[in-house]
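A short worksheet on the structure shown next.
The values are calculated or read from the model by the stated rules, or taken from the named source; none is laboratory data. All values reported here derive from a predicted model rather than from experimental measurement. Cβ placement follows ideal geometry from the backbone for every residue including glycine, while neighbour counts extend to all protein chains displayed.
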Amino acid sequence: MTICTIGYEGLDIQAFLSLLIKHGVRTVVDIRELPLSRKPGFSKRGLSDILADSGLDYVHMVQLGCPKEVRDRYKKNGSWKQYTKGFLQYLDEQGDALEELAAAAAESRCALLCFEADYTRCHRSFVADALHERFDIDVQHIDVAEAKKGKPGRQLAAAA
């Protein structure tokens, strides 16, 4: 059994959907504490509707979102070490949510969703690691750069 992770930073909704489909994802598990976005299509209601129209399921697991206190401390001091420590302490208390997520992953190919393109700088990597350690679930981090391969770059006119 494998669970995927994906961030939508730098993607539009179509590129995001293409990556989900390419990787066989059937259920998007949104682990943002607040599932809101300024990017069109990535707030909870809009995303849920778009996924449903594409035949995919949407689940919001607020319990696996990073708590506001941890995020605020990181914004203030910029310490990834302290962020990691704070989130892992919180995650240790979320055993029921992790069990629920593991059960969902056994039923459907799931992708953990958050914003950051780089999973190494996102709490979803810690959630995925916990699933691997506790339930022996393999993890696949979807690289958003895949969506950009083959896209033509912007053409700049040469000065004459």
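Residues in segment 40-55: is at least one over 17 Å from residue 114 (Cα atoms) and among the polar types (S, T, N, Q)? Yes, there is a match, as at least one residue in segment 40-55 is over 17 Å from residue 114 (Cα atoms) and among the polar types (S, T, N, Q). Applying a threshold of 7 Å to beta carbon distances and a minimum spacing of six or more residues, or different chains, the list of pairs starting in segment 19-47 at a residue that is over 22 Å from residue 104 (Cβ atoms) and of a type outside the set (Lys, Arg) and ending at one that is outside any loop (DSSP other than H, G, I, E, B) and modelled with pLDDT of 95 or more reads 40/13; 41/13; 41/47; 41/50. Among residues of segment 80-93 that are in contact (Cβ under 8 Å) with a residue 12 or more places away in the chain, none has a beta-carbon under 8 Å from a residue that is among the acidic types (Asp, Glu) and surrounded by 11 or more Cβ atoms within 10 Å (Cβ to Cβ) at least six positions away or on a different chain. Applying the condition of being touching a strand residue (DSSP E or B) at 6+ places or on another chain (Cβ under 6 Å) and in a loop (DSSP other than H, G, I, E, B) to segment 8-37 and asking which residue is surrounded by the fewest Cβ atoms within 10 Å (Cβ to Cβ) yields 23.
Scanning segment 1-54 for residues that are of a type in the set (S, T, N, Q) and farther than 30 Å from residue 70 by Cα yields 14, 18, 54. Does residue 159 fit the bill of being at pLDDT below 95 and surrounded by fewer than 18 Cβ atoms within 10 Å (Cβ to Cβ)? Here the answer is yes, as residue 159 does meet what is asked. Among the residues of segment 99-122, some residue qualifies, meaning at least one is of a type in the set (Asp, Glu) and within 16 Å of residue 5 (Cβ to Cβ).
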